[in-house]
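One structure is given below, encoded as structure tokens.
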């Protein structure tokens, strides 16, 4: 079980048509605020311990808030947190290298077949620092789920993805079609392949897909057993 700190989510803002996800959050990084967020999460999750408690983004100044990590370390000693983690931007190799200095051992970063920038930044630092890596957005916000085709995308009011540029989405979906035709083995669902593709990278410990149905959950779990290791796998090709 895991959750994050550093932001407060405002559902009323998120429900606005075309709302950017960033507009639905406010920042809260003082030790008192972050510990209060932890206590609220423990109550909401009906548990007495969070397995991974992660800082969510934030500026360098917020990451270095005086007393922040000392306060969180005390929560670890109190048994309320098992492991501290840091959610990073894919290009933030510098912060990845600093993660162990604050007592954290896990990083979370966007990584998928359409966004491989972490391979040249966060991953080398994580391997060097012996950090666990959790790949978020492994299905690229649904683009790699197999559900959408060029000309078809999310229009639901309140879903921030509906605000994305039509040209950008179209280009990405065209690339998804190319990947499906040239890289995905016959008979393998695209979404399952996309999760397994992420897991093949030696730096990646786990992926974080979403599941709304039992069928989706079972498909996600099956990705862990899909063997893609071969000389032809994209991870072996210089990009």
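The values are calculated or read from the model by the stated rules, or taken from the named source; none is laboratory data. Note that the structure is a prediction, hence the values are computed from the model and not measured. When we count neighbours, we look across all protein chains shown, and the Cβ atoms used for this are built from the backbone with ideal geometry, even at glycine.
The criterion of being more than 19 Å from residue 58 (Cα to Cα) and over 12 Å from the mean Cα position of the chain (by Cα) does not hold for residue 121.
With the structure loaded, tell me whether residue 208 is surrounded by fewer than 19 Cβ atoms within 10 Å (Cβ to Cβ) and touching a strand residue (DSSP E or B) at 6+ places or on another chain (Cβ under 9 Å) or whether it fails that test. Judged against the criteria, residue 208 is a match.
Of note, residue 68 satisfies the criterion of being out of contact with any strand residue (DSSP E or B) (no Cβ under 7 Å at 6 or more places or on another chain) and surrounded by 13 or more Cβ atoms within 10 Å (Cβ to Cβ).
Screening the candidates 175, 137 for the property of being under 19 Å from residue 197 (Cα atoms), buried (at least 18 other Cβ atoms within 10 Å of the Cβ) and modelled with pLDDT under 95 yields one hit, 137.
Looking only at helices (runs of 4 or more DSSP H) that fall completely inside the range 39-109, which ones have 1 or more residues that are within 14 Å of residue 4 (Cβ to Cβ)? Break it down into steps so the answer makes sense when it comes.
On the way: elements: 60-63, 68-77, 93-98.
So the answer is 60-63, 68-77.
Restricting 229, 184, 207 to those that are assigned to a loop (DSSP other than H, G, I, E, B) and at pLDDT 90 or above reduces the list to 184.
Every residue, every condition in (1) crowded, with 20+ Cβ neighbours inside 10 Å; (2) over 29 Å from residue 193 (Cα atoms), yes or no:
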site	(1), (2)
59	no, yes
73	no, yes
82	no, yes
89	no, no
96	yes, no
103	no, yes
106	yes, no
109	yes, no
113	yes, no
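All conditions in (1) at pLDDT below 90; (2) touching a strand residue (DSSP E or B) at 6+ places or on another chain (Cβ under 8 Å) hold for residue 20, with the sole exception of (2). Filtering the range 154-172 to residues that are over 17 Å from residue 194 (Cβ atoms) and either loosely packed, with under 11 Cβ neighbours inside 10 Å or at pLDDT 70 or above (or both) leaves 155, 156, 157, 164, 165, 166, 167, 168, 170, 171.
Quick grid of which residues meet (1) closer than 30 Å to residue 172 by Cβ; (2) over 21 Å from the mean Cα position of the chain (by Cα); (3) modelled with pLDDT under 90:
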residue: 5; (1), (2), (3): no, no, no
residue: 10; (1), (2), (3): yes, no, yes
residue: 37; (1), (2), (3): no, no, no
residue: 54; (1), (2), (3): yes, no, no
residue: 67; (1), (2), (3): no, yes, no
residue: 109; (1), (2), (3): yes, no, no
residue: 116; (1), (2), (3): yes, no, no
